[in-house]
1. If you scan segment 157-186, which residues turn out to be of a type in the set (A, V, I, L, M, F, W, C) and assigned to a loop (DSSP other than H, G, I, E, B)?
2. Which condition number in (1) free of Cβ contacts under 8 Å to residues at least 60 places away in the same chain; (2) surrounded by 14 or more Cβ atoms within 10 Å (Cβ to Cβ); (3) not in a helix (DSSP H, G or I); (4) not polar (S, T, N, Q) is the one that MET246 fails?
3. With the structure loaded, tell me whether MET199 is over 19 Å from the mean Cα position of the chain (by Cα) and either within 15 Å of GLY10 (Cβ to Cβ) or open to solvent by 80 Å² or more (accessible area, probe 1.4 Å) (or both) or whether it fails that test.
4. Which residues, taken from segment 75-94, are over 14 Å from TYR56 (Cβ atoms), without any contact (Cβ under 8 Å) to a residue 60 or more places away in the chain and open to solvent by 20 Å² or more (accessible area, probe 1.4 Å)?
5. Out of (1) open to solvent by 10 Å² or more (accessible area, probe 1.4 Å); (2) outside any strand (DSSP E or B), what's the single condition that is false for SER136?
6. I'd like the full set of residues that are touching a residue at least 60 places away in the same chain (Cβ under 8 Å) and within 21 Å of PRO107 (Cβ to Cβ), limited to segment 33-47.
7. So, of the residues in segment 101-124 that are farther than 13 Å from ALA45 by Cα and under 14 Å from the mean Cα position of the chain (by Cα), which turns out to be surrounded by the fewest Cβ atoms within 10 Å (Cβ to Cβ)?
8. Might you let me know whether segment 173-181 holds any residue that is buried (at least 24 other Cβ atoms within 10 Å of the Cβ) and out of contact with any helix residue (DSSP H, G or I) (no Cβ under 7 Å at 6 or more places or on another chain)?
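The values are calculated or read from the model by the stated rules, or taken from the named source; none is laboratory data. Quick caveat: nothing in here was measured; it's all calculated off a predicted structure. Using ideal geometry, Cβ is built from the backbone for each residue, glycine included, and neighbour counts are taken over all protein chains shown. Areas reflect the complete protein model, heavy atoms only, side chains present, ligands, DNA and RNA absent. Shrake-Rupley method; radii C 1.70, N 1.55, O 1.52, S 1.80 Å.
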Amino acid sequence: MYQGALILEGGGFRGVYTAGVLDYLMDQNIQFSDVYGISAGACNALNYLSQNRGRYIKVAKEYCNDPRYMGIKQLVKTGSIFNWQFSFYEIGEKYVLFDYDTFYASPMHLWVGATDCESGDCHWFSNQNGDDMLRSSIASSSMPLLSVIQQIGGRKYLDGGVADSIPVQKALEDGHAKQLIVLTQNDGYVKKPNKMMPMIRKKYKAYPKLCQAMEHRHEKYNQSVCLAKELEQKGQAVILCPSKPMVLKRIEHDVDKLQAAYENGYEDARAASEKIRRLFEQ
């Protein structure tokens, strides 16, 4: 096991790129002491700890056009565009099985970030603290305007990406000088201010710090990318991001595009395997 951090950005269905990376790591029996997942990155992390190779892309392709999984009808009916009960529990227990035993036995330390609506800060759930990691991952994946606020332990949460899209600084603060950072946007991507802020301020007017975090999200995102690149230049990190144009929408219905992005992730990880080995074995 490599002593260091594996950082997994979110991005909705762009997470199939990350799934390709993780499937390559699983094929090579590579594990990390600490895994940090945000939104779709958290969902990928669940399958990584459970060693459910191929499960993420299988679910994405089989259910991306299934109204039980997601869609406008779900949004109108439940307030969330994703059907969390179906996607996190019913699929895993009936259709594309989730290996709970392996997940709970994993030696890897999993951190899942969700944004606290009251404080606007990122709260980190952990399997080492006995937190419900599936429930935490739902909170981490609950996109503003497209999901209802999730309540856990008396606190209210939304998408972890609002407060900390790429938790490189968090991993550094936890003592991880070596990091493998998996991004779901192409190199050179710069996040812009959120054009939906007027609607966000209206909907979440009871949570001013949440609105403030959303307003400044692009700044923190771009700062995190810069920090990641600084670490890479210093020889402390390897960054993996799509080497081919990322054409997937956050919510995607094209199965062929999903498969292509997944294969891009797998091949990018294969191409970087020697760099990863040198970083964590030196």
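1. Passing the criteria: ILE166, ALA177, LEU183.
2. Only one criterion in (1) free of Cβ contacts under 8 Å to residues at least 60 places away in the same chain; (2) surrounded by 14 or more Cβ atoms within 10 Å (Cβ to Cβ); (3) not in a helix (DSSP H, G or I); (4) not polar (S, T, N, Q) is unmet by MET246, namely (1).
3. Considered against the rule, which asks whether it is over 19 Å from the mean Cα position of the chain (by Cα) and either within 15 Å of GLY10 (Cβ to Cβ) or open to solvent by 80 Å² or more (accessible area, probe 1.4 Å) (or both), MET199 comes out as yes.
4. Those that are over 14 Å from TYR56 (Cβ atoms), without any contact (Cβ under 8 Å) to a residue 60 or more places away in the chain and open to solvent by 20 Å² or more (accessible area, probe 1.4 Å): VAL76, LYS77, ASN83, TRP84, GLN85, TYR89, GLU90, GLU93, LYS94.
5. Result: SER136 passes all but (1).
6. SER33, ASP34, VAL35, TYR36, GLY37, GLY41, ALA42, CYS43, ALA45, LEU46
7. TRP124
8. no
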